[in-house]
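A short worksheet on the structure shown next.
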Amino acid sequence: MHHKEDDLQFLVGQTIDMAEKHQGLNPFGTFDSYETTGHVPEGPGILYRVQKSMQHMCLRMTPVANIKESYECYQENKHLFPNLNKGEVHELTPLEFFATEYSDVADVICDTLSNQRFTLYEDRFDAISDTSINW
């Protein structure tokens, strides 16, 4: 029989292992693009594009083991990265990258944020159940 306690214990164990593995190191990088830096770094990270519409934006991203290799591969073989090409071409920003120290950090970021829609102008939307100052 499968218990939730076993799952929780497993997740806590993974978290402790990752914390010990990465202790004292900054796993986060910076958001950059080839246009702003003039180069593409090597190492793990995320390739991403932002899809913008009138009301929302959506992050189209994929974790990669080597940003430079994957960036070059994308330039020649866009079909190998279907998630980066979802949406209308005029809605997508150019390809950008986010470097991380570790590939597992890139995986967690992508699992959390990829394909999520975010409202651009949240203050323009009022809900009846909203008791904020806008209402």
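The values are calculated or read from the model by the stated rules, or taken from the named source; none is laboratory data. None of these values were measured; they are calculated from a predicted model. Ideal geometry is used to build each Cβ from the backbone, glycine not excepted, and the neighbour counts take in all protein chains shown.
Conditions (1) surrounded by 15 or more Cβ atoms within 10 Å (Cβ to Cβ); (2) at pLDDT 90 or above, marked per residue:
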site: Thr100; (1), (2): yes, no
site: Cys110; (1), (2): yes, yes
site: Ile128; (1), (2): no, no
site: Asn134; (1), (2): no, no
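Residues that are in a strand (DSSP E or B) and either under 11 Å from the mean Cα position of the chain (by Cα) or surrounded by fewer than 18 Cβ atoms within 10 Å (Cβ to Cβ) (or both) within the stretch 42-53 comprise Gly45, Ile46, Leu47, Tyr48, Arg49, Val50, Lys52, listed in sequence order. Once the stretch 38-53 is narrowed to residues that are among the small types (Gly, Ala, Ser) and at pLDDT below 85, the residue that is nearest to Thr100 (Cα to Cα) is Gly38.
For the stretch 54-64, the criterion of being at pLDDT below 70, assigned to a strand (DSSP E or B) and under 24 Å from Thr119 (Cα atoms) is met by none of the residues. Evaluating Glu35 against the criteria (1) part of a helix (DSSP H, G or I); (2) of a type outside the set (Val, Ile, Thr); (3) modelled with pLDDT of 65 or more leaves one unmet condition, (3). When Tyr121 is tested against (1) surrounded by fewer than 16 Cβ atoms within 10 Å (Cβ to Cβ); (2) at pLDDT 80 or above; (3) among the aromatic types (Phe, Trp, Tyr), just one condition goes unmet, and that condition is (2).
The set of residues from the stretch 65-98 being outside any helix (DSSP H, G or I), modelled with pLDDT under 90 and among the polar types (S, T, N, Q) comprises just one member, Thr93.
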